[in-house]
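Asker: A single structure is presented below for examination.
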Amino acid sequence: MIIEKKVLIAAPVHPVLLDALSLLGYEWVMHEKITQESGFALISDCVGVITSTRLQLNKELIDAAPNLRWIGRMGSGMEVIDLGYAGEKGIVCFGSPEGNCNAVAEHAVGMVLDLIRRIGWSQAELQHGIWKREENRGAELEGKTIGIVGYGHTGAAFAKKLTGFDMQILAYDKYAPQRIPPHIINCRDLEPIFEEADIVSFHVPAQQDTVGYLNKGFISRMRKPFIVINTSRGNVADTISLYEGLISGKIKGACLDVFEEEPLLVIEKNNHLNELFAAMSVLPNVVMTPHIAGYTHEALYKMSKILADKIAFHLTDRII
């Protein structure tokens, strides 16, 4: 039987989104563990799809869904959708970066505090009966300079969290510098960050001009040894350059929630990137988490509700 208003759910969502779709007259099918290969058959008769990072809505997959009318993206990063081709086909695309930006911001703050105050490292030592105070003397955020690269929803949320730490906050946004408020130093280019930053945090999407953003050239231009925070996309940081920077001391520490290849434990053995990640994971100046920065219970609800409202408004000029 062909369902005229069928929606494929290819991501974890909160019931608030499912209820909204039902109220709008859609019948939805849930496939959270979908693969790209299985997606072709599952999407063929759908008018809508909800995705995250598991399903890439590229040209081939869009062509496999001749009835597709809209795509909803749980979270930020619309690079999982071929927006240009979707637009040509008249397919409307919705994102929900407002929904998990606070979660990512809180996580980034937590990671950098964990790193500079040696919280996780000293706890691990205590678990092995090791009591070290002087060796675990930490540093403070107060008085430090942080450079935020990318001032969208997450960059702005992160800056908001940092204002209470009495830091100097520099921000650079290539595409929308007007977003940066007066109390944040608006950088026209990266030079002030290269010159002054003690910490650099990336909050940019994965696109052609951000792949390998943190590379040997970027690292060499930093005047001071610095801490890297990456909660955006794994390929924003070149792994080899990052590792070499840590070993040389030019990078004082790293807080990493995303990686060039994910998930780390599943990628093939004898993989060079896997070996570098393993080596970094045991360094005392590295904090790593498995892509969970935006993955809170609250964020799941907020992203789902935002998508529900955007879809409903598009269809009915009102929210549910």
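Asker: Quickly run through segment 294-320 and pick out the residues that are in contact (Cβ under 8 Å) with a residue 24 or more places away in the chain, among the hydrophobic types (A, V, I, L, M, F, W, C) and over 30 Å from Ala124 (Cα atoms).
Answerer: Of everything in segment 294-320, those that are in contact (Cβ under 8 Å) with a residue 24 or more places away in the chain, among the hydrophobic types (A, V, I, L, M, F, W, C) and over 30 Å from Ala124 (Cα atoms) turn out to be Leu300, Met303, Ile306, Leu307, Ala308, Ile311, Ala312, Leu315, Ile320.
Asker: I've got another one for you. Out of all the residues in segment 259-270, is one or more farther than 24 Å from Leu113 by Cβ and in contact with a Leu (Cβ under 6 Å, 6 or more places away or on another chain)?
Answerer: Filtering segment 259-270 down to residues farther than 24 Å from Leu113 by Cβ leaves 260-263, 265-270.
This time we only want the ones that are in contact with a Leu (Cβ under 6 Å, 6 or more places away or on another chain), so: 260-261.
Checked segment 259-270: at least one residue is farther than 24 Å from Leu113 by Cβ and in contact with a Leu (Cβ under 6 Å, 6 or more places away or on another chain).
Asker: So which residues in segment 110-130 are crowded, with 16+ Cβ neighbours inside 10 Å and in contact (Cβ under 8 Å) with a residue 40 or more places away in the chain?
Answerer: Residues satisfying the conditions are Met111, Val112, Asp114, Leu115, Ile116, Arg118, Trp121.
Asker: Then there is this: Among the strands (runs of 3 or more DSSP E) confined wholly to segment 1-93, which include 2 or more residues that are within 24 Å of the chain's Cα centre (by Cα)?
Answerer: Values: elements: 6-10, 27-30, 48-51, 70-73.
Hits in segment 1-93: 6-10, 48-51, 70-73.
Asker: Please pick out the residue among Ala279, Ala293 that is in a loop (DSSP other than H, G, I, E, B) and either at positive phi or small (Gly, Ala, Ser) (or both). Explain how you work it out, then say what you get.
Answerer: Numbers: Ala279 fails: in a loop (DSSP other than H, G, I, E, B).
The unique qualifying residue is Ala293.
Asker: Sort through Ile81, Ile62 and tell me the only one that's in contact with a helix residue (DSSP H, G or I) (Cβ under 7 Å, 6 or more places away or on another chain) and either hydrophobic (A, V, I, L, M, F, W, C) or closer than 16 Å to Thr231 by Cα (or both).
Answerer: Working: Ile81 fails: in contact with a helix residue (DSSP H, G or I) (Cβ under 7 Å, 6 or more places away or on another chain).
It is Ile62.
Asker: Residues being modelled with pLDDT of 95 or more, more than 14 Å from Pro12 (Cβ to Cβ) and either surrounded by 15 or more Cβ atoms within 10 Å (Cβ to Cβ) or in contact with a helix residue (DSSP H, G or I) (Cβ under 9 Å, 6 or more places away or on another chain) (or both): count how many of those fall in segment 306-320.
Answerer: 6
Asker: Might you let me know whether segment 24-43 holds any residue that is closer than 30 Å to Gly253 by Cα and of a type in the set (S, T, N, Q)? If you could, list the steps in order and put the result at the bottom.
Answerer: Of the residues in segment 24-43, the ones closer than 30 Å to Gly253 by Cα are none.
Checking segment 24-43: not a single residue is closer than 30 Å to Gly253 by Cα and of a type in the set (S, T, N, Q).
Asker: Look through Gly234, Gly245 and report the one residue that is closer than 17 Å to Val149 by Cα, assigned by TED's automatic domain parsing to the domain that holds His107 and not hydroxyl-bearing (Ser, Thr, Tyr). Before the answer, list the steps.
Answerer: Working: Gly245 fails: closer than 17 Å to Val149 by Cα.
Of the residues listed, the single one that is closer than 17 Å to Val149 by Cα, assigned by TED's automatic domain parsing to the domain that holds His107 and not hydroxyl-bearing (Ser, Thr, Tyr) is Gly234.
Asker: Scan segment 168-216 for residues that are under 24 Å from Gly253 (Cα atoms), of a type in the set (A, V, I, L, M, F, W, C) and in contact with an Asp or Glu (Cβ under 7 Å, 6 or more places away or on another chain) and report the count.
Answerer: Adding up the residues that qualify gives 3.
Asker: Taking interchain pairs and intrachain pairs at least six residues apart, which have beta carbon atoms under 6 angstrom, with the first residue in segment 266-293 and closer than 20 Å to Ser232 by Cα and modelled with pLDDT of 95 or more and the second surrounded by fewer than 13 Cβ atoms within 10 Å (Cβ to Cβ) and of a type in the set (S, T, N, Q)?
Answerer: Pairs found: Met288/Ser281.
Asker: Here's a follow-up. Being part of a strand (DSSP E or B) and either among the hydroxyl-bearing types (Ser, Thr, Tyr) or in the same structural domain as Arg117 (by TED's automatic domain parsing) (or both): is that true of Val258 here?
Answerer: On the way: part of a strand (DSSP E or B): no; either among the hydroxyl-bearing types (Ser, Thr, Tyr) or in the same structural domain as Arg117 (by TED's automatic domain parsing) (or both): yes.
Against the criterion (part of a strand (DSSP E or B) and either among the hydroxyl-bearing types (Ser, Thr, Tyr) or in the same structural domain as Arg117 (by TED's automatic domain parsing) (or both)), Val258 does not qualify.
The values are calculated or read from the model by the stated rules, or taken from the named source; none is laboratory data. None of the values given here were measured: they were computed from a predicted structure. Cβ atoms come from the backbone with ideal geometry, glycine included; neighbour counts cover every protein chain shown.
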